[in-house]
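Data block below; observations after.
The values are calculated or read from the model by the stated rules, or taken from the named source; none is laboratory data. Source: prediction; values computed, not measured. Counting neighbours? That spans all protein chains shown, and the Cβs are built from the backbone with ideal geometry, glycine included.
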Amino acid sequence: MGARYLTDPNHDGWTTVVPDGVEPKDVLGNPKLGLSLPWCIKVDLLETQDGREYFQVLEGSSKGLKANVKMNAHGGSYLIDHNSQTKAGILRLSRRKQMLWYGQQGPFNAFSDFSNPVPVGSHDLEIPDAPHEDYYPESSKYQQVWFRIGHHGDRYLHLGTISHGCATVRPWLPDPKTDMRFRGRTNSELGLPAPAPASPFAKWDDVCRYLMPCRKGDGLSVGTLQVID
Amino acid sequence: MSGPYKLLIKRWLLAVLLGFFVLGSSAFAQAVLVQLLSENKPLQPAAVYDCSSITTELKCVSAVADDTAHLSENPKAQILPRNGKIFVRKKKLLGDEALAFYIAAERALLDDPKYNKLELLNNELDLPPSSERTVLIAIYKRPRQSRTTKLVWLFAPSANQKR
């Protein structure tokens, strides 16, 4: 039936669908049995039956998997044929200045653990794989959307205040003197002292809305992160 | 049935129902099988993952990402002190062969995950000293289910080896 693109019905970047071999009622009872797919992911619609659409994922970490999703309450589809994917996204991170640019926007406040930073160079940023931990629910609806840096390992571009070597986009600047949650943390993992004056804080929702539809064309990546010292 | 037995059954049912509703059905099924204790106090895991499978790098395959390498980035993460031996309490239905423990330096998980298997001897684990924050994981296949549970605990560097 052809290519379709997943919409963003929950406005948080993720939709849970039912993987092949699992009953929809089981996923309803335990969403962890489902398959989480990111907004804009390209799928091949195979058939529509009994109010459900059956498809195969065509890109990203779930490429090749078959799944299904029900039609929405009005009988409409979460899978649309309008292609909103755009060209590869380009982000730039200055480690020393703690600045991040995305597209034509920036600089914004971002950093990487001083003692184990993202290596200097150009790295692919992957299509989001699955919803990540929700440490900052008050800061962004898209905060569970993380983009893996490169194609192996566990470094990500994501929202955060503590870094272990990711490209960490700050929602705000932590103060270990007044905020008990940061007591005992090293300056290195907090990226402190931050350069003055501090860059403005990016809205992570806006970063995601920019980056999630971007495609590099390799079936894996949304674009590239260029890291300079 | 006599009074004391009825009371016991009622209490047991109440505990099960409370556990089910407070923790949720899935979490309750996982939470009761393995518990770690140090100095007679339970050690709270930083994460419990419900996995359809486990990769060769010991990552959980699930509808949510396995963030073992990032759990201490949570400002509210509970990072446990290293206080000698750790006692493992597990349900009898979980055989020794179904349960395995592994440790790794948290930092190493970012680029090149290398776990070492930790032997369970007389229901005790011995965490080796380390100058780095350590991740301890327990992995077990749930009896009579196709799912696997992965529990993660975070430990601070050894007191005399902090960097």
Strands (runs of 3 or more DSSP E) within region B:66-163 that include 3 or more residues more than 17 Å from residue B:39 (Cβ to Cβ), more than 11 Å from chain A (Cβ to nearest Cβ) and touching a residue at least 24 places away in the same chain (Cβ under 8 Å): B:99-105, B:134-141, B:148-155
Test for residue A:156: is it within 21 Å of residue A:203 (Cα to Cα) and modelled with pLDDT under 95: no
Within region A:209-229, tally of residues that are touching a Lys or Arg at 6+ places or on another chain (Cβ under 9 Å) and surrounded by 17 or more Cβ atoms within 10 Å (Cβ to Cβ): 10
Residue under evaluation residue A:196, criteria (1) under 22 Å from the mean Cα position of the chain (by Cα); (2) surrounded by fewer than 14 Cβ atoms within 10 Å (Cβ to Cβ); (3) small (Gly, Ala, Ser), criterion not met: (1)
Subset of region A:1-34 [surrounded by fewer than 18 Cβ atoms within 10 Å (Cβ to Cβ), among the aliphatic types (A, V, I, L, M), in contact (Cβ under 8 Å) with a residue 24 or more places away in the chain and over 24 Å from residue A:211 (Cα atoms)]: A:1
Of all residues making up region B:38-65, the number that are within 13 Å of the chain's Cα centre (by Cα) and not in a strand (DSSP E or B): 3
Residue under evaluation residue B:141, criteria (1) crowded, with 18+ Cβ neighbours inside 10 Å; (2) closer than 23 Å to residue A:163 by Cβ, criterion not met: (2)
Of all residues making up region A:72-89, the number that are farther than 16 Å from residue A:8 by Cβ and surrounded by 12 or more Cβ atoms within 10 Å (Cβ to Cβ): 2
Residue match in region A:134-156 (condition: within 15 Å of residue B:72 (Cα to Cα), surrounded by fewer than 21 Cβ atoms within 10 Å (Cβ to Cβ) and touching a residue at least 24 places away in the same chain (Cβ under 8 Å)): yes
Breaking point among (1) closer than 28 Å to residue A:9 by Cα; (2) charged (D, E, K, R); (3) more than 9 Å from every other protein chain (Cβ to nearest Cβ), for residue A:96: (1)
Residues that are of a type in the set (Val, Ile, Thr) and more than 12 Å from chain B (Cβ to nearest Cβ), drawn from region A:113-133: A:120, A:127
Test: residue in region A:58-68 that is away from chain B (no Cβ under 14 Å), touching a Lys or Arg at 6+ places or on another chain (Cβ under 6 Å), under 20 Å from residue A:131 (Cβ atoms) and of a type outside the set (Lys, Arg): yes
Residue check for residue A:42: within 16 Å of the chain's Cα centre (by Cα) and more than 17 Å from residue A:146 (Cβ to Cβ): yes
Residue B:37 more than 14 Å from chain A (Cβ to nearest Cβ), touching a Pro at 6+ places or on another chain (Cβ under 6 Å) and over 18 Å from residue A:133 (Cβ atoms): no
Enumeration of residues in region A:82-106 that are touching a Pro at 6+ places or on another chain (Cβ under 8 Å) and over 21 Å from residue A:153 (Cα atoms): A:84, A:85, A:86, A:94, A:96, A:97, A:98, A:99, A:100, A:101
Any hit, region A:69-80, residues being within 26 Å of residue A:204 (Cα to Cα), in contact with a strand residue (DSSP E or B) (Cβ under 9 Å, 6 or more places away or on another chain) and within 14 Å of another protein chain (Cβ to nearest Cβ): no
Residue tally, condition at pLDDT 95 or above and of a type in the set (Ser, Thr, Tyr), over region B:45-75: 1
Residue in region A:139-161 that is in contact with a Phe, Trp or Tyr (Cβ under 6 Å, 6 or more places away or on another chain), small (Gly, Ala, Ser) and more than 24 Å from residue B:47 (Cα to Cα) present: no
